[in-house]
Amino acid sequence: MKKTIRAVLAVLLCLTLLFTVSGTSTFADDGEVKPIEPEGKTPFRISVSMNGDSQTQRGFCWYTAEDCDSVVEITDASGSAVNAQCEASSFEWEGYYAHKVTVSGLSAGETYQYRVGDGETFSDYGTFVTDDGDSSFSFIEIADVQATPLENFLKAALTVDAAFETLPEAEFIVNCGDFTNDSTNEEWNCYDTAFGKINQSTTTVPVAGNHDGFGVEHWFNNMFNLDTSESVQVNDGVNYSFDYGNAHIAVLNTNDMMCMTLAQMQWLKNDMNSTSKDWKIAFMHKSPYTLGKDGKWPDALYLGKSLTKVFDMCDVDLVMSGHDHMYLRTKPLTNNRVDEKNGVTYVLSGTAGTKRYEIREFLAGFYLNTGFIDALTIQKNGYANYWNGEDWNSTKDTNIGGCFNTVTVDGGTLTVKSYIRCDETGEVNEIDSFSVTKETGKNKATFSGDNTTSEFEYYLSLVPSFLCLTVYAFGEWLPKFLIDLPYILYVVITQDTF
């Protein structure tokens, strides 16, 4: 019933968006799509984020060109106004005004319509659904839109449109980072032009990418309304978690001291050990297992030595990441060894955008054990490689396009399917799928209490965190890099690839 109501509301939303004239219209008189031009008190950059209890709360964020009040109006499936509790705040950011409203007191398993504004000037209506708490749900996951011109944002949006057409019952979308390339007002407005309608029709679970954090402090946290109560810091990203159905989901910040501090790893350990949910899932930007261009640097490789141990200890089932703009799935791993029975499956999500990487051959077998690879697809034009069970140099033209992933949980079965929307034809092709089955009701919570990190504790952890990364970089990574340097130079000269 919830899915039927949501489908009807989605149709109504599309009609509303089609026929409503807004001050942030993206179309010029000649039909060409133009970046939004913020003006007055008209809301733009509207997003609904997971924030706290997924059954009863959501975090709303939007911007206006002028300072004004922050109001969210919500109606249920019958059209009746919902008297929810709201905590509102607004502040100036980079020439615009950000508005954050945290709404609580919602009902589980409901489809809601909403609009945001100042009480007089409002946005078009959007929709979202709340978690019904049962053990069956699904969502979409993407990574690395990382666009610069509007044209590339629009192409990435076509990929996400295809994702919702493929899985219309998806209850939320996870974006594993790098929303833009330089995190500027111009680019976020282009992002909003392309993704605005999508963002207004679902709940977003955002993950901080390096392009959302390094050198652009506070941008990520200011673009979304997230639960920052347990985040070890919020300058370059946010780490947070929530329950959904019978799953516990943790979102990590791999900008935290270039990759991850000991403080955040301890937070993750406590967080995962505090749940008795059947499934444990983690999302982060950088991937510890990759054949892409960033797989040769110590920050990502260090995660394979440090963070993966926490996943192993906490019996995490699935880790999904981005950063290296290709699709790669590992076999289940424990302690960096294949463990088909109890291991963690790592998915490097591919890119929903147009910036794509080819394989770095010098990484294979030296930086990444090729025996770990269970599936591989390279989206880059001229490469479009895929893993055929024997090598990764097979090619397929339909693999040149934007990638998206669907995740479905049904009791004791978790299924991930991965797709590419072909650039040339618009056809959607399944490139990979796998399922994990487990006996439910076995996880027990072993941690309770305060899982916040004080500012003093965080800064106290920076020295040992830095030392651990430094010891790895100079003790393990550098000798290996120097040994492989002749081959790396050969590849650079012969293939112009580094």
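Tabulated data for the structure shown
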quantity: Sole residue being over 19 Å from the mean Cα position of the chain (by Cα) and either under 25 Å from Pro206 (Cα atoms) or of a type in the set (Gly, Ala, Ser) (or both), chosen from Ala352, Ala375; calculated: Ala375
quantity: Residue identified as assigned to a loop (DSSP other than H, G, I, E, B) and among the β-branched types (Val, Ile, Thr) among Val216, Val205; calculated: Val216
quantity: Strands (runs of 3 or more DSSP E) completely within the stretch 394-495 that count 2 or more residues being exposed (fewer than 13 other Cβ atoms within 10 Å of the Cβ) and within 25 Å of the chain's Cα centre (by Cα); calculated: 428-437
quantity: Tabulated pairs, the stretch 360-373, first within 14 Å of Pro288 (Cα to Cα), second among the small types (Gly, Ala, Ser) and in a helix (DSSP H, G or I), C-beta under 7 angstrom, 6+ apart or interchain; calculated: Leu363/Gly295; Tyr367/Gly295; Leu368/Gly295
quantity: Every pair of residues 6+ apart whose Cβ atoms lie under 8 Å, when the first sits in the stretch 401-427 and is aromatic (Phe, Trp, Tyr) while the second is assigned to a strand (DSSP E or B) and surrounded by fewer than 17 Cβ atoms within 10 Å (Cβ to Cβ); calculated: Tyr419/Asn429; Tyr419/Glu430
quantity: Failed item in (1) out of contact with any Gly (no Cβ under 7 Å at 6 or more places or on another chain); (2) over 17 Å from Ser321 (Cα atoms); (3) modelled with pLDDT of 95 or more, with Pro149 passing the rest; calculated: (3)
quantity: Check on Gly245, of a type outside the set (D, E, K, R) and within 30 Å of Ile359 (Cα to Cα); calculated: no
quantity: Cβ pairs under 6 Å, 6+ apart, first in the stretch 239-263 and closer than 17 Å to Trp279 by Cβ and without any contact (Cβ under 8 Å) to a residue 40 or more places away in the chain, second assigned to a loop (DSSP other than H, G, I, E, B) and of a type in the set (S, T, N, Q); calculated: His248/Thr275
quantity: Wholly within the stretch 56-163, strands (runs of 3 or more DSSP E) carrying at least 3 residues that are among the small types (Gly, Ala, Ser); calculated: 85-93
quantity: Total residues in the stretch 278-297, condition assigned to a loop (DSSP other than H, G, I, E, B) and within 11 Å of Phe242 (Cα to Cα); calculated: 0
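Residues are listed down the side, and each one gets a yes or a no for (1) modelled with pLDDT of 95 or more; (2) among the charged types (D, E, K, R); (3) buried (at least 21 other Cβ atoms within 10 Å of the Cβ); (4) touching a His at 6+ places or on another chain (Cβ under 8 Å):
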{"site": "Val207", "(1), (2), (3), (4)": "yes, no, yes, yes"}
{"site": "Gly215", "(1), (2), (3), (4)": "no, no, no, no"}
{"site": "Phe224", "(1), (2), (3), (4)": "yes, no, yes, no"}
{"site": "Glu230", "(1), (2), (3), (4)": "yes, yes, no, no"}
{"site": "Asp256", "(1), (2), (3), (4)": "yes, yes, yes, no"}
{"site": "Ala263", "(1), (2), (3), (4)": "yes, no, yes, no"}
{"site": "Lys269", "(1), (2), (3), (4)": "yes, yes, no, no"}
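The values are calculated or read from the model by the stated rules, or taken from the named source; none is laboratory data. The shown structure was predicted, so the numbers you read here are calculated from the model rather than taken from an experiment. Note: ideal-geometry Cβ built from the backbone for every residue, glycine included; neighbour counts use all protein chains shown.
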